[in-house]
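Heads up: the structure comes next, in structure tokens.
Laboratory data are not the source of any read-out in this text; all were calculated from the coordinates shown. Please read all numbers here as calculations on a predicted model, not as lab measurements. Neighbour counts are summed over all protein chains in view; Cβ atoms, including those assigned to glycine, are modelled from backbone coordinates with ideal geometry.
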Amino acid sequence: MNLMLIPLVVLAGMGLSLEAGLIGPLGTEVGHLWATLSIFGVGAVLTGLLVLFFSPRNAPSYTEQPGWQLLGGVLGPVYVVVLTIATPVIGIGMTMIAILSGQVAKSVLIDHFGWFGTPHKKVGGERLLALVFIVAALVLIAWG
């Protein structure tokens, strides 16, 4: 495992909290769907520029890939709309720990069963205990 990726992923997670803090109030002001569109519009332009200048020229086309792999394009806006709606109501901390709970629970299942072509990683006691701690954090933050 490349341990150098862990701090990068932690920083990306911090970025999601920042995004929730920005998009929640924006959604309250301009509407949840407009706020979501703004996030994806800016992201699409920036990603387009990155692809234009940094993408390998011999990459396989989308038409050669299984259709289910594009499902993330549907899930992304759903996630951002939920962020936009939930953050002003329950707060950034509660929103993020709830998202984290769902992410870890589903990730453990995906790893355990090897869904989507991922390598099998059996769920052991340590992973289940980690999930219990995350759910406990969700409960404690909800009570706070």
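The single condition among (1) surrounded by fewer than 11 Cβ atoms within 10 Å (Cβ to Cβ); (2) in a helix (DSSP H, G or I) that Pro119 does not meet is (2). Here the condition is being within 28 Å of Gly93 (Cβ to Cβ) and either out of contact with any Gly (no Cβ under 6 Å at 6 or more places or on another chain) or surrounded by 10 or more Cβ atoms within 10 Å (Cβ to Cβ) (or both); of Val51, Val30, Val45, it holds for Val30 alone.
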